[in-house]
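Engineer: One structure, pasted below without further comment.
The values are calculated or read from the model by the stated rules, or taken from the named source; none is laboratory data. All figures in this text were calculated on a predicted structure; none of them were measured in a lab. Note: ideal-geometry Cβ built from the backbone for every residue, glycine included; neighbour counts use all protein chains shown.
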Amino acid sequence: MSKIKKPKIFIIAGEVSGDVLGARIMRQMPDVEFVGIGGENMMAAGLSPIFPLGDLAIMGIAEVVFHARTLTHRIHQTVSAIIEQKPDMVLTIDSPGFARSVITGLRKSKLGAELITHGMRFHHFVAPQVWAWRASRAKKYAKTFDKLYAFFDFELPYFTKYGLDTMAVGHPIADELLNKKHPARKSDEKIIALIPGSRLGEVERLMPLMQDVAQQLVADKYIGYRFVIPTVETTDKYVRAHVKKWSVPVEIVPSESRYDLYEKTYIAIAASGTVSAELAMMHVPAIIVYKMNPITVWLARRLIDIKWVSLVNILLNRTVYPELLGNDANTENVLNQVQQLTIPSVREKMIMGLKSADKIWRRDNGGAISMIADDIRKTIKSEK
């Protein structure tokens, strides 16, 4: 009796947050063979990546330009790997610029075009934030992908108006976090979680700020404070080397332990990004900080069309998490916000605001990952 051949998906996660989502999708689909690009989470789920995830973990317009040679090489390498593997589907997760470049390269390649003719499909998870960076960009993605999985209903019209099949699945992190509520945090020990991000460039810019804040809090005699930093594979070595220069003790925990940390966190000082959504879902009082390359700041001020960068603020259309960006992300401003969050009434107001977003994060459908896995199976089956 011949063995039934598994469907094959070439999966691409361009950064740590995508690596976490990719691993969850892989575990949801044991009946599928996965090849492609991912990090430690997807490797633990069985993936052998074709190159290190860190090569793609780049954020900011200027940063992309500076790393253009490496990115171009990785795009060509990925196109060649897809042609060699001949998958039934290419599933890209976040990093829409890299995903679009790869798919464009496949369409231009004679061998890639043949695979497309024979039914290879392109699905993408995490809708590009065109509502922040020129809505007209949705037209380009509509020409690139066959299916798009978005988090929220408000994102759908941006893409469906151009004919892109788009499904709202809710935020996948909410599937596990909305039931994970932190305790009252009334312990004498107050944990300050310092979360500098997952991309090396942002970590390099934020670690000196976080060092200054921690050392100043101790100098100002904030008694009982303990500082903890969660790290990811792409930044762990740098963070450990940096904290050796600090005059205050710091505990470092691996990324997989971060939710246990957040449950006990008194205040988080966090880089803008996926972590702000995680903290919001767990109702953790936080201050969002971000420092960017000056060129990126200059361009962003002319291109970004939103008031906030934190997803919870965007969804609620008001400031719940204070945001200190660019030059505003300085020691004095962060310390002022920390002082505010020691006031019970201020903390309670923030926590109530975070709780009010619970109903927006998740759809009543069994979970985002299950929805995506079911839809992919149906697509592959229909193409056979």
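Engineer: Write out, first by first residue and then by second, each pair whose Cβ atoms fall under 6 Å of each other, whose residues are 6+ apart or on separate chains, and whose first residue, in the range 25-52, is outside the structural domain of Val232 (by TED's automatic domain parsing) while the second is outside any helix (DSSP H, G or I) and aromatic (Phe, Trp, Tyr).
Structural biologist: Met26/Phe34; Val35/Phe10; Gly36/Phe10; Leu47/Phe34
Each row is one residue, and each column tells you yes or no for (1) closer than 19 Å to Asp375 by Cα; (2) touching a strand residue (DSSP E or B) at 6+ places or on another chain (Cβ under 9 Å); (3) touching a residue at least 60 places away in the same chain (Cβ under 8 Å); (4) outside the structural domain of Val32 (by TED's automatic domain parsing).
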{"position": "Asp94", "(1), (2), (3), (4)": "yes, yes, yes, no"}
{"position": "Phe98", "(1), (2), (3), (4)": "no, yes, yes, no"}
{"position": "Ser109", "(1), (2), (3), (4)": "no, no, no, no"}
{"position": "Leu115", "(1), (2), (3), (4)": "no, no, no, no"}
{"position": "Trp133", "(1), (2), (3), (4)": "no, no, yes, no"}
{"position": "Ser136", "(1), (2), (3), (4)": "no, no, no, no"}
{"position": "Tyr149", "(1), (2), (3), (4)": "yes, yes, yes, no"}
{"position": "Glu155", "(1), (2), (3), (4)": "yes, yes, no, no"}
{"position": "Thr160", "(1), (2), (3), (4)": "yes, yes, no, no"}
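Engineer: Yes or no: Leu324 more than 19 Å from Trp361 (Cβ to Cβ) and at pLDDT 90 or above?
Structural biologist: Values: more than 19 Å from Trp361 (Cβ to Cβ): yes; at pLDDT 90 or above: yes.
Considered against the rule, which asks whether it is more than 19 Å from Trp361 (Cβ to Cβ) and at pLDDT 90 or above, Leu324 comes out as yes.
Engineer: Quick check on Ser382: is it under 22 Å from the mean Cα position of the chain (by Cα), in a helix (DSSP H, G or I) and not hydrophobic (A, V, I, L, M, F, W, C)? Give the derivation first.
Structural biologist: Details: under 22 Å from the mean Cα position of the chain (by Cα): no; in a helix (DSSP H, G or I): yes; not hydrophobic (A, V, I, L, M, F, W, C): yes.
So Ser382 does not fit the description; no.
Engineer: Hey, another quick one. Answer yes if at least one residue in the range 36-48 is surrounded by fewer than 20 Cβ atoms within 10 Å (Cβ to Cβ), modelled with pLDDT under 70 and in a helix (DSSP H, G or I), and no otherwise.
Structural biologist: Looking for residues that are surrounded by fewer than 20 Cβ atoms within 10 Å (Cβ to Cβ), modelled with pLDDT under 70 and in a helix (DSSP H, G or I), one finds none in the range 36-48, hence no.
Engineer: Which one of these is of a type in the set (A, V, I, L, M), touching a strand residue (DSSP E or B) at 6+ places or on another chain (Cβ under 8 Å) and closer than 19 Å to Ala270 by Cβ: Val213, Val218, Val169?
Structural biologist: Details: Val218 fails: closer than 19 Å to Ala270 by Cβ; Val169 fails: closer than 19 Å to Ala270 by Cβ.
The match here is Val213.
Engineer: What residue, of Ala271, Ala280, is of a type in the set (A, V, I, L, M, F, W, C), buried (at least 17 other Cβ atoms within 10 Å of the Cβ), touching a Pro at 6+ places or on another chain (Cβ under 6 Å) and within 27 Å of Gln129 (Cβ to Cβ)?
Structural biologist: Numbers: Ala280 fails: touching a Pro at 6+ places or on another chain (Cβ under 6 Å).
From the options Ala271, Ala280, the qualifying one is Ala271.
Engineer: Would you check if there is a residue in the range 355-374 being in contact with a strand residue (DSSP E or B) (Cβ under 6 Å, 6 or more places away or on another chain), touching a residue at least 40 places away in the same chain (Cβ under 8 Å), small (Gly, Ala, Ser) and not in a helix (DSSP H, G or I)? Write out each step before concluding.
Structural biologist: Filtering the range 355-374 down to residues in contact with a strand residue (DSSP E or B) (Cβ under 6 Å, 6 or more places away or on another chain) leaves 372.
Add one more test, that the residue is touching a residue at least 40 places away in the same chain (Cβ under 8 Å), and what stays is 372.
Now narrow it down to the ones that are small (Gly, Ala, Ser): none.
There is no residue in the range 355-374 that is in contact with a strand residue (DSSP E or B) (Cβ under 6 Å, 6 or more places away or on another chain), touching a residue at least 40 places away in the same chain (Cβ under 8 Å), small (Gly, Ala, Ser) and not in a helix (DSSP H, G or I).
Engineer: So, in the range 315-354, how many residues would count as being outside any helix (DSSP H, G or I) and at positive phi? Write out each step before concluding.
Structural biologist: Within the range 315-354, the subset outside any helix (DSSP H, G or I) is 317-325, 329-330, 341-343.
Subset that is at positive phi: 317.
Residues meeting the conditions: 1.
Engineer: Given the residues Ser198, Ser187, which is the only one that is touching a Ser or Thr at 6+ places or on another chain (Cβ under 8 Å) and modelled with pLDDT under 90?
Structural biologist: Numbers: Ser187 fails: touching a Ser or Thr at 6+ places or on another chain (Cβ under 8 Å).
Among Ser198, Ser187, only Ser198 is touching a Ser or Thr at 6+ places or on another chain (Cβ under 8 Å) and modelled with pLDDT under 90.
Engineer: Of the residues Val203, Val218, Val228, which single one is within 22 Å of Thr274 (Cα to Cα) and either in contact with a Pro (Cβ under 6 Å, 6 or more places away or on another chain) or part of a helix (DSSP H, G or I) (or both)?
Structural biologist: Numbers: Val218 fails: within 22 Å of Thr274 (Cα to Cα); Val228 fails: either in contact with a Pro (Cβ under 6 Å, 6 or more places away or on another chain) or part of a helix (DSSP H, G or I) (or both).
Criteria check complete, one pass: Val203.
Engineer: In addition: How many of the residues making up the range 314-339 are charged (D, E, K, R) and free of Cβ contacts under 8 Å to residues at least 12 places away in the same chain?
Structural biologist: So the count comes out to 2.
Engineer: For the range 342-384, how many residues meet the condition of being buried (at least 18 other Cβ atoms within 10 Å of the Cβ) and either at pLDDT below 90 or under 30 Å from Lys291 (Cβ atoms) (or both)?
Structural biologist: The total comes to 9.
Engineer: It is to be established whether one or more residues within the range 266-276 are farther than 21 Å from His171 by Cβ and within 15 Å of the chain's Cα centre (by Cα). If you could, list the steps in order and put the result at the bottom.
Structural biologist: Going through the range 266-276, the residues farther than 21 Å from His171 by Cβ turn out to be 266-267, 269.
Still in the running and within 15 Å of the chain's Cα centre (by Cα): none.
Looking through the range 266-276, none of the residues is farther than 21 Å from His171 by Cβ and within 15 Å of the chain's Cα centre (by Cα).
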